[in-house]
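Down below is the structure, laid out as structure tokens.
The values are calculated or read from the model by the stated rules, or taken from the named source; none is laboratory data. Please read these numbers as outputs of a predicted model, since none were measured by experiment. Every residue, glycine as well, gets a Cβ built from its backbone with ideal geometry; the counts of neighbours run over all protein chains shown. Areas reflect the complete protein model, heavy atoms only, side chains present, ligands, DNA and RNA absent. Shrake-Rupley method; radii C 1.70, N 1.55, O 1.52, S 1.80 Å.
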Amino acid sequence: MRNRIFGGIGMVWGGAILLNWLKADAPAGSAAYQGGHTAAVVFGAVMFAAGLYYFFKKPAA
């Protein structure tokens with residue numbers, strides 16, 4: 001049950017990061033800022049995918 005709860009939280013949080021990325025304009029500024037923005041998007045995608053996996057994973061018998 002704990003994995004399902006954490007999976008749901010990961011899906012929501014990662015999905016919110018990805019939704020923010022889709023709605024926002026392209027980052028303007030230094031290369032470091034753009035790199036951090038890209039890293040945050042990758043982190044959100046990985047968190048969403050891991051949350052999706054653990055939310056729908058069947059419990060061990």
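Observations on the structure shown:
- Placing a label point 7 Å from the Cα of residue 56 along the Cα-to-Cβ direction, the residues of segment 5-29 with a backbone N closer than 20 Å are 5-19.
- With every protein chain in place, the chain: carbon and sulfur % of accessible area (1.4 Å): 71
- Residues of the chain: accessible area per residue with a 1.4 Å probe, Å²: 79
- Every pair of different Cα atoms in the chain enters the Kirkwood calculation, which places the hydrodynamic radius at 12.5 Å.
- In a fully extended conformation the segment linking residue 49 and residue 20 would gain 8.8 nm over its present Cα-Cα distance, using 0.36 nm per residue.
- Principal-axis tilt of helix 2-23 within the chain, Cα atoms, nearest 10 degrees: 20
- Loop-resident trypsin sites (Lys or Arg not before Pro) (DSSP state other than H, G, I, E or B) in the chain with no more than 12 further Cβ atoms inside 10 Å of their Cβ: 57.
- In degrees, nearest ten, helix 31-56 long axis to first principal axis of the chain (Cα): 10
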